[in-house]
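The structure under discussion appears below in the form of C-alpha cells.
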Amino acid sequence: MKIVLVLFLVLFVGPFVLLLPFFGMLGAMELCARVGGRLSESLTATLPPKFGAAVIAIPKFAIIILKSIRRNLLRSSLSYLAVFVMVLVITGIWSILTFLDAATSAKAANFKALVTDKFQIPSQMPPSYIGELTREAANLPAGMRADPAKDVMTWSFVGTSLDPDPSKRSQENMIIFFSMDPRGLLNMMDDLEQDRLSPADAKQMRENVAAMQTNIKGIVLSEEKLRTINRKVGDRLKVYCFPGQYKDIEFDVEIVGTFPRSAGRYDGSAILNLEYLQKSLDAYERKTGKQHPMSNRYINLFWVRVPNEDAMRALAESLDKPGRFSTPPVKIERGSSAVSSFLDAYKDIIAGMRYLLVPAIVAVMILVIANAISISVRERRPEMAVLKVLGFQPWQVLILILGEALIVGVLAGGLCTTLAYYGVNARGGIQFPIAFFGKFFIPVESLWWGPVLGAIAAIAGSVVPAWSARSVRVSEVFAKIA
Amino acid sequence: MTNKPIVQVRDLYKSFTRGAEKIEVLTDLNVDVAEGEFLALMGPSGSGKTTLLNLIAGLDQPTSGKILVGDQEISAMTESQLARWRTRHVGFVFQFYHLLPVLTAYENVELPLLLMPLTAAERKRQVLNALELVQLSNRLSHRPGMLSGGQQQRVGIARAIVTDPTLIVADEPTGDLDSKSANEILSLLDLLRESLNKTIIMVTHDPHAAERAQRLLHLEKGRLVMDSTQGEPRPTVAFPR
Ligand SMILES: Nc1ncnc2c1ncn2[C@@H]1O[C@H](COP(=O)(O)OP(=O)(O)OP(=O)(O)O)[C@@H](O)[C@H]1O
Ligand SMILES: [Mg+2]
C-alpha cells in the first residue's frame, strides 16, 4: 500500500509540482514580453523608426519563442523535467564533491594542524600533552606562534548510552561526545567559527559556550540528535560510558543548548566539557583507590592553528626533539591531509562520480534536448521556410530555435538549483555518509551554475537542429509541398 | 500598362542537379509583366510553374539568365540582400496558407512588418488596414486553427499585402478551397489589382481561376507555349524578344 502511494507521488504529483514553477515562469515571461513590448513602443516613439523598430522587434520575437514552447506543452514539459532531474543529480554530486574538495584542499594560510599518536590508531595521548603541546606551539618564533587561548583544541571521543545495559545500545539512546574545552567551539571548529556564522547563530554559540563554562555538566547537541533521543533543552539525563572505553564512568548531564541549524555537519554530534570528563576520572580514582585505565590516555586529537607551512614544519621539528614527546611519540599533519587519507578509501567512487557519472548525465541531457528540438524543427520546416520567404534572415530563424531550447534549459537548470538550494538546505542538506561527513549542503554558487549548465546543455543540444532550420532551402521545401 | 514592364525575365535557364542527374526545368524563358497586370500561369504538373514563380519572387537563383523586378536585378543579389528585398517588394500567397499556428491573425499579418523600420503606430495601422481589406477585422485575435480555409487564406493575403509590395505572387491560392471560398479569394485578388494597382502572378490548375486573370501564360516542359491576353491566344513564337 505504502509503495503504491510513493509511486503515485513520484510519478504523478512530483512532476506536476515541479512543472508548476515552469508554467508560472513561462507565463510571467510572456507577460513581461507583452508589457515590455508596450513600453518599448511608447518609449521608442520618438526614436528614428529604424532603431525603434529593432527595439520593438525584440519582445515580439520573445513572444513568438514563448508561444512555440507552449505549442507542444507536453514535449516542452518533458524536456524541462528531464533537464531538471539531471541538473538535480549533478547538483547533488557537485555539492558533495565541492565540500570534500574544500575539506581536503590545503588552504594556503592559516590552516589547522593535527597532532596525534605517531603509531597507534586510535591515537591516545596523556592529558599532560595538552599543556606541553600548547607550550611548544606558543613558543615558536614570532609570526609562527599560536595563541593558547584561541588556536588550540583537543578532542576526546566519549561513547555513551542512555541505557546502562550495553546490549540495549541503539541509535535512539547513543550519544557520542566530543569532549573538549568549550572555548574551542568558538574558534577552532570547522564551520562554527564566529565570523562564518550569521550574527544570530554566532550569538547562539557564544551562549552555549557560556552555559557550558558555568555548568561543567552542560552539554550541547544538535537538534536532530535531540529529536532522536526525544529530549529537549533544559532536560537532565544520565549517560553511561561504553564499558569497552570509559568503563564504569557515568555522567549526569544537562542539555544547555543546540548547534545552530546552519551547522548541519554537526548533526549527530554532541559536546561534553573536558573538565567534566577529567573530574569524573579523578572521582573514580578517589572512590576506588586506583587510577582509571583511561586516565592517562584520554586525549585523542590535538588541534593547533598555524599561520603557514613553515610554522607547521617548525612545530614538527620541536615535537621531534629527543626526550620531549616520547610516550607516546607524536606526529603532526595538516588537518586536510588527515581528511584526505580518510577519503582515500572513497577515491574510486569520487573519481567515478566526477569523471564518469557527471559527463554521462550531461551527455544524456544534451541528447534529450537535441531529440526534442530536432523533432520540433522537422515538424516546422515549412514554417521556417515561410519565415524566410517573408524576409527573415537565417540568423533570425536560428535565434528562434536556439531561444526555445535556451528558455527551457535555463528555466529547468535555474529552477532546479534554486529549489534545491533553498529546499534541500532548509531541510538539513543531503544525507550521504562518506568518511566522517554525514551531510552535504548545496553551495550558493549553484544558483548561477544551474542556469548556466541548463543553457550549455540547451545550446549544445539545439545547435545542430537550429542550424538545419537556419539553412532550410525555401525553394526545396515548397517544391516538395506543392 | 504602356510603361516599362515591372518584371523582365531574360534568357532564363534553371536546372537542378539531383545526384549525378541534371534536370532541366526551365529553358530559354523570356517574359515581361506590366505593372498592374493580373497574370495566370498554367501548365501540367512538373512543367516548372512553381520554379518560375520562385525565381521571380527571389526565392531561388537562376542557372543563367537575368530577372529584373522594378529596376533591380534580383538575379544578381546575394541571399541576404534577397531576403531584405522580398520583405519590401514581394507578397506571397501559398496554397496551404502557411500561417504560423501559434500566432493570432493579427500577429501573423504583423510578422513581415517586424523586419521593417516602422513606428508602432504605423505598424498597427498597416496591419489593421490589411485585415480590413480582407474583411477580417472581427477575427484579429483568432488563431489559424479557429478559422476556415477561406478565412485563413484571407489572412494569408493580408500578410502578403501588409508591406505594400510591388508584386504579389500566389502559388495555387485556391487549390485547397471549395469553389465559393475560391471565388472570394479571386475577387479579392481582382480588387487588389483594380483598387491598389498591384501586379499579381498566380499559378493555377483551375481554368475558372485562370479566367479571372487578364493574361494567361502556358508552360510546358519548362518552355512557354502560349501567351494569351484577355482571351486572345497568342503563340509565343511571335512574342517579341
Ligand atoms: N529543389 C529542387 N530540386 C530538384 N528538383 C526540383 C526542385 N524543385 C523542383 N524540381 C523539379 O523541377 C520540376 C518542376 O517543378 P515545379 O515544382 O516547378 O513544377 P510545377 O509546375 O509547379 O508542378 P505542380 O503543378 O505539380 O506544382 C519537377 O520535375 C521537380 O521535380
Ligand atoms: Mg507547383
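Summarising the label geometry, the points placed 7 Å from Cα in the beta-carbon direction at A:Gln194 and A:Ile349 lie 3.8 nm from one another. How would you classify segment A:1-62 from its alpha-carbon gyration tensor, with a ≥ b ≥ c the square roots of the eigenvalues: rounded for a/c under 1.5, else prolate if a/b is greater than b/c, otherwise oblate? Verdict is prolate for segment A:1-62. The residues neighbouring A:Lys217, those whose beta-carbon lies less than 13 Å from its own, together hold a net charge of -2 under the Lys/Arg +1, Asp/Glu -1 convention. Considering only chymotrypsin sites (Phe, Trp or Tyr not before Pro) in DSSP loops that have at most 12 other Cβ atoms within 10 Å, the longest stretch of chain A without any of them is A:120-435. From its DSSP helices (H runs of at least four residues, each -39,500 (n - 2.57)), chain B gives a residue-normalised ellipticity at 222 nm of -9500 deg cm²/dmol. A prolate overall shape is assigned to chain B, the ratio a/c of its alpha-carbon gyration tensor axes (a ≥ b ≥ c) being 1.5 or greater and a/b exceeding b/c.
Between segment A:178-249 and segment B:104-161, the alpha-carbon centres lie 73 Å apart. In chain A, the DSSP-assigned H stretches of four residues or longer account for a calculated mean residue ellipticity at 222 nm of -18000 deg cm²/dmol, using -39500 (n - 2.57) per stretch and the full residue count as denominator. The coefficient of translational diffusion for the protein assembly as shown, derived via Stokes-Einstein from the alpha carbon Kirkwood radius under 10 °C and 1.306 mPa s, stands at 49 µm²/s.
Annotation for segment A:144-194: trypsin sites (Lys or Arg not before Pro) lying in DSSP loop with at most 15 further Cβ atoms inside 10 Å of their Cβ are A:Lys150, A:Arg183. Within 10 Å of each candidate Cβ there may be at most 10 other Cβ atoms; applying that plus a DSSP loop requirement, which trypsin sites (Lys or Arg not before Pro) in segment B:84-136 survive? In loop regions of segment B:84-136 (DSSP not H, G, I, E or B), there are no sparsely surrounded trypsin sites (Lys or Arg not before Pro). Peptide A:38-49 has a mean of 2 when you count, residue by residue, the C-beta atoms of other protein chains within 10 Å of its C-beta. Given +1 at the Cβ of Lys and Arg, -1 at the Cβ of Asp and Glu and no other charges, the dipole of segment A:120-328 around its Cα centre is 440 debye to the nearest 20. Kindly identify segment A:165-205 as rounded, prolate or oblate by the Cα gyration tensor criterion: order the square roots of the eigenvalues as a ≥ b ≥ c, call it rounded if a/c is under 1.5, otherwise compare a/b with b/c, prolate if a/b is larger, else oblate. Prolate is the answer for segment A:165-205, as a/c is 1.5 or above and a/b outweighs b/c. The mean count of C-beta atoms from other chains within 10 Å of the C-beta of residues in B:94-102, rounded to a whole number, is 6. Among the trypsin sites (Lys or Arg not before Pro) within segment B:131-221, those in coil by DSSP and having at most 16 neighbouring Cβ atoms inside 10 Å are B:Lys221. Expressed per residue, the C-alpha convex hull volume of segment A:120-328 stands at 135 Å³.
Partner shielding of B:108-116 amounts to 5, given as the average count of beta-carbon atoms from other chains within 10 Å of each residue beta-carbon.
In this calculation the C-beta distance from A:Gln171 to A:Glu309 is compared with R0 = 35 Å, giving a FRET efficiency of 0.30.
Ranking A:Ser262, A:Thr228, A:Ala314 by how far each Cα lies toward the positive end of the dipole of segment A:120-328 (charges on Cβ) leaves A:Thr228 at the top.
In chain A, a dipole from Cβ-located charges (positive for Lys and Arg, negative for Asp and Glu) runs towards its positive end, and of A:Ala200, A:Val89, A:Met29 it is A:Met29 whose Cα lies farthest in that direction. Here is the P(r) of segment A:1-104: all C-alpha pair distances, binned every 10 Å from 0, give 13, 26, 23, 20, 13, 5, 1 in whole percents.
Size descriptors for segment A:131-204 (Cα atoms only): Rg and Dmax, in that order, 17.2, 53 Å. Please report the antiparallel percentage of DSSP beta bridges with both residues in the protein assembly as shown, rounded to the nearest 5. DSSP beta bridges in the protein assembly as shown are roughly 70 percent antiparallel.
All of the numbers you see were taken from the coordinates with simple rules; none came from a lab. Since the structure is predicted, the reported quantities are computational estimates derived from the model, not experimental observations. Here the Cβ is made from the backbone with ideal geometry for all residues, glycine too, and neighbour counts use every protein chain on show.
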